[in-house]
Amino acid sequence: MENVNKEKYNRAKKRVDELKGFYIHLAIYIVINAFILVNIYLRNDNFWSWEHFITLIAWGVGLLFHASKTFGFNPFLSKDWEERQIQKYMDEDKEEMNKYK
């Protein structure tokens, strides 16, 4: 019983660490990009220069991937798909073992 509680604790801690990592990533993204935007505004710079645009977009895409991993959103490889694949390979393995009996 103690092992079950320890396993639950470890899973919960891992989940909290993933959330904390995402929120730190999000906060850094907001702070750095706010600094860039304020700097552009104060210098009357052209906002849509490629360097700023690429930084904003590429980092944003990375943040979206991080969010999809953290919150379990993946339209292509969902948990349901994963469970079906696991079941499929377990069934194949079972059939393979039954051939040799």
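The values are calculated or read from the model by the stated rules, or taken from the named source; none is laboratory data. Please read all numbers here as calculations on a predicted model, not as lab measurements. Quick reminder, even Gly has a Cβ in these numbers, built from the backbone with ideal geometry, and neighbours come from all protein chains shown.
At a glance:
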read-out	value
Residue count for segment 1-31, restricted to those that are more than 15 Å from the chain's Cα centre (by Cα) and of a type in the set (D, E, K, R)	6
Near pairs, Cβ below 9 angstrom, 6+ apart or cross-chain, from segment 41-62 (more than 18 Å from Tyr23 (Cα to Cα)) to any residue that is at pLDDT 90 or above and of a type in the set (A, V, I, L, M)	Thr55/Ile32
Verdict on Phe76 being out of contact with any His (no Cβ under 7 Å at 6 or more places or on another chain), at pLDDT below 85 and exposed (fewer than 10 other Cβ atoms within 10 Å of the Cβ)	yes
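Each row is one residue, and each column tells you yes or no for (1) surrounded by 12 or more Cβ atoms within 10 Å (Cβ to Cβ); (2) among the charged types (D, E, K, R); (3) assigned to a helix (DSSP H, G or I).
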| site | (1), (2), (3) |
| --- | --- |
| Lys6 | no, yes, yes |
| Ala12 | no, no, yes |
| Gly21 | yes, no, yes |
| His25 | yes, no, yes |
| Tyr29 | yes, no, yes |
| Ile36 | yes, no, yes |
| Tyr41 | no, no, yes |
| Ile54 | no, no, yes |
| Trp59 | yes, no, yes |
